[in-house]
Amino acid sequence: MIGYTILFAVTVVVFAFVLQPLLRARRQAAAVPPARLADLQARRAYLLDAIREVDFDYSLGKVAQVEYEEVRARYLREAAGVLRELEQETSTVDAEIDQEIRRLRELAREPVPGRDESAGAS
């Protein structure tokens with residue numbers, strides 16, 4: 001009976017040790033929610049389709065030149081704003097990735113307690 005209790009305790013400790021990094025990573029929320037990026041990308045795709053559509057309609061003569069120029073300019077301004085936002089959001093994500101890489105590299109350089117450093121260098 002004591003053997004099962006010890007086995008259970010060791011199993012719980014091992015699971016806690018293995019799952020700890022996963023649980024900690026889940027608690028660290030990204031600064032830029034993926035939904036925000038998805039929304040911006042969807043808006044960008046919509047605007048590009050709208051520009052193509054107004055170009056096509058103008059080429060068929062369905063839209064007057066004045067209206068075409070106004071609508072196209074409005075779509076282009078909005079698309080430029082979306083592209084600026086996308087650039088800002090992705091640069092934020094890139095900076096977070098770079099920071100995490102630096103942190104992991106620093107952790108990799110730290111000596112492991114109980115490990116003889118001279119034994120590895122032969």
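Descriptive notes on the structure:
- Cβ pairs under 9 Å, 6+ apart, first in region 45-64 and within 14 Å of Arg77 (Cα to Cα) and assigned to a helix (DSSP H, G or I), second of a type in the set (Phe, Trp, Tyr) and modelled with pLDDT of 95 or more: Leu47/Tyr75; Leu48/Tyr75; Ala50/Tyr75; Ile51/Tyr75
- Enumeration of residues in region 60-99 that are over 18 Å from Ala38 (Cα atoms), more than 17 Å from the chain's Cα centre (by Cα) and of a type outside the set (D, E, K, R): Leu60, Gly61, Val63, Ala64, Gln65, Val66, Tyr68, Val71, Ala73, Tyr75, Leu76
- Matching residues in region 32-54 - criterion: being more than 21 Å from the chain's Cα centre (by Cα) and hydrophobic (A, V, I, L, M, F, W, C): Leu47, Leu48, Ala50, Ile51, Val54
The values are calculated or read from the model by the stated rules, or taken from the named source; none is laboratory data. Keep in mind the model is a prediction, meaning the values are calculated, not measured. As a convention, Cβ positions derive from the backbone with ideal geometry for all residues, glycine included, and neighbour counts pool all protein chains shown.
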